[in-house]
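Taking it in order: structure first as structure tokens, then the write-up.
Only the coordinates and a few stated rules stand behind these numbers; no lab work does. As the structure is a computational prediction, the values presented were derived from the model and not from experiment. As a convention, Cβ positions derive from the backbone with ideal geometry for all residues, glycine included, and neighbour counts pool all protein chains shown.
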Amino acid sequence: MKKAKRVILSALLFGGLLLLTLRAGTGILLYPFARAFGSPPESELADCRRAFQQLQAHLGTSRVLVLPVLFVNGHQRDWRNDLAEAIVQEVGTYSSAKLDLADAPPGVAQPKLGRNQLRYLWERGAAYSRWVKQAHPADHYVLCTEIWGQHGKVAAIHIYILDSSGQIAYCHLYNSHQFGENLPLEGNLAVLLLVRRFFEHLLLEPTRIFPPYGVG
């Protein structure tokens with residue numbers, strides 16, 4: 001009887017360990033593919049998750065520096081203060097955070113989006129991170145936004161929030177899979193979308209925003 005109990009307990013223990021391994025193993029097995037496609041290493045994702053938790057806890061009492069929005073219309077590229085002002089106004093309807101408009105665009109290189117939007121998201125985030133580290137802003141967070149489009153329609157949106165040390169606390173990309181093929185490039189609809197989605201994401205677990213091993 002004791003032997004039978006030991007066998008049953010051993011089987012249950014083995015089954016539990018196997019289940020945990022399978023759950024974790026899915027991400028681990030796909031990790032090389034996520035890295036090849038542009039996802040950062042898990043150690044960096046873990047730092048982002050911790051920073052996102054801090055953002056969730058402290059945004060309402062923080063100062064946020066809102067940069068001019070990079071606005072790309074075909075081959076034309078501008079840093080738009082009016083869109084940054086629209087972001088400030090819209091964020092103010094969701095949060096009590098103190099929002100400051102930046103006096104000038106960030107000192108980052110002119111970007112090239114390319115075909116791999118995920119890789120671009122993280123490489124561009126690294127560029128903003130380097131700039132924040134050099135600029136040493138007095139605010140707790142820096143908000144960077146890009147709206148890409150052509151032929152009068154939005155093609156891609158990128159949003160980044162970095163803490164004052166340059167650590168990415170939030171970043172996300174959008175394309176026609178999220179907003180369709182007819183989002184007008186002119187006007188504030190893209191701003192309304194990204195702000196609303198950000199505050200929806202702020203309610204989620206950090207692993208939903210920065211999935212372990214970049215798989216999720």
Original post:
Under 18 Å from the Cα of Lys153, which aspartates and glutamates turn up, not counting those fewer than eight places away in the same chain?
Top reply: Asp78, Glu181, Glu186
Subject >> Protection-proxy order for peptides 108-121, 154-167, each taking the mean of Cβ atoms within 10 Å per residue, highest first >> reply: 154-167, 108-121
